[in-house]
Amino acid sequence: MFNIEDFDIKLDTANLGRNFIYAEEISSTNSYLMSSDQKLQNGTLFLAEYQTNGKGRLDRIWTSQKNSNLTFSILLKDVNKLSEINLINLATSLAIAQSIENLFQLNIEVKWPNDILIKRKKVAGILSESSIIGKRIDKIVVGIGINVNQTLFTGKYLIQPTSLRIEKKRIINREKLLSELLNILEEALQLAKDDPAKLLNDWRARCKMIGEIVKIESENVSKVGIFEDIDKNGSLILKVKDGHEKFYFGDVSLRKI
């Protein structure tokens, strides 16, 4: 069971995780925060040991072994611009990568738009959802799943999964990892507001797929080209035969070919 007191001692944030909701089991932490009518404060974190309907991108189900990993969602209510939504996703992936590197000295790379990899194996993923009323952003919920102590993965995966326990060959302290992540994420989210250019450069430095030939698939389109760069809002720039095309976060799948 997650030790909230141990986590709280190590937490050094102003907002993230200060309001902490914990459940042994729930349908989906993202769904709860997105649909909740409660006046929850900015930075509220909901962690569940098991999600019966955990959500991944492209309507995929995210499955996780109970009491082994970190599956949680964060409520953000201080986002003012639509252009910030993509940057939040990139800031989150960078914070996950940096926290793992700090604690475990593993080389981490990021994959657009939402995967965190160790040796090309997936160790974590992100699902961000937003509620927009008119032109105003009501809230953003950032869902995060990190494979921490799980050692057996069944089923079929687009990217082979791994966990920190598999990579380090020892049991990992989840409380320490979560507090480290939130401490870094709060700074990364502020960087996204104050100096987005630096955030983007930091992300580029961790993305090994830039410059590679990739295939992008969404509901209505499939494109092959060179992953040339990301733009100032974090959208992917694909170089194709007749020029360049941009792809935004959402229902898009990217893979190297």
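Quick check, is E167 among the charged types (D, E, K, R) and part of a helix (DSSP H, G or I)? When the stated conditions are applied, E167 passes them.
On inspection, E245 fails the criterion of being in contact with a His (Cβ under 8 Å, 6 or more places away or on another chain) and charged (D, E, K, R). In the set (1) within 30 Å of K246 (Cα to Cα); (2) surrounded by 18 or more Cβ atoms within 10 Å (Cβ to Cβ), the condition left unmet by L82 is number (2).
Remark: I96 falls outside the filter, which requires a residue to be of a type outside the set (S, T, N, Q), within 21 Å of D8 (Cα to Cα) and in contact with a Lys or Arg (Cβ under 7 Å, 6 or more places away or on another chain).
Could you tell me whether any residue of region 174-184 is among the basic types (K, R) and free of Cβ contacts under 8 Å to residues at least 12 places away in the same chain? Checking region 174-184: not a single residue is among the basic types (K, R) and free of Cβ contacts under 8 Å to residues at least 12 places away in the same chain. Taken together, I146, I137 contain a single residue that is closer than 23 Å to L90 by Cβ, of a type in the set (V, I, T) and modelled with pLDDT under 95, which is I137.
I'd like to know if region 175-194 contains one or more residues that are over 20 Å from the mean Cα position of the chain (by Cα) and of a type outside the set (G, A, S).
yes
Taken over region 98-149, the criterion of being β-branched (V, I, T), assigned to a strand (DSSP E or B) and over 23 Å from V214 (Cβ atoms) is satisfied by I132, I133, I137, I140, V141, V142, I144, I146.
Against the list (1) modelled with pLDDT of 95 or more; (2) over 18 Å from L117 (Cβ atoms); (3) in a helix (DSSP H, G or I), the condition K193 fails is (1). Would you confirm whether any residue within region 100-114 is within 17 Å of the chain's Cα centre (by Cα), crowded, with 23+ Cβ neighbours inside 10 Å, modelled with pLDDT of 95 or more and of a type outside the set (A, V, I, L, M, F, W, C)? Within region 100-114, none of the residues are within 17 Å of the chain's Cα centre (by Cα), crowded, with 23+ Cβ neighbours inside 10 Å, modelled with pLDDT of 95 or more and of a type outside the set (A, V, I, L, M, F, W, C). Might you let me know whether region 200-208 holds any residue that is modelled with pLDDT under 95, surrounded by fewer than 18 Cβ atoms within 10 Å (Cβ to Cβ) and touching a strand residue (DSSP E or B) at 6+ places or on another chain (Cβ under 7 Å)? The answer is yes; a qualifying residue exists. When region 83-97 is filtered for residues that are of a type in the set (S, T, N, Q), assigned to a helix (DSSP H, G or I) and touching a Pro at 6+ places or on another chain (Cβ under 9 Å), the ones remaining, listed by number, are N86, N89, S93.
The values are calculated or read from the model by the stated rules, or taken from the named source; none is laboratory data. Just so we're clear, the structure is a prediction, and the values are computed from it rather than from any experiment. Here Cβ is always computed from backbone atoms with ideal geometry, including for glycine, and neighbour counts include all displayed protein chains.
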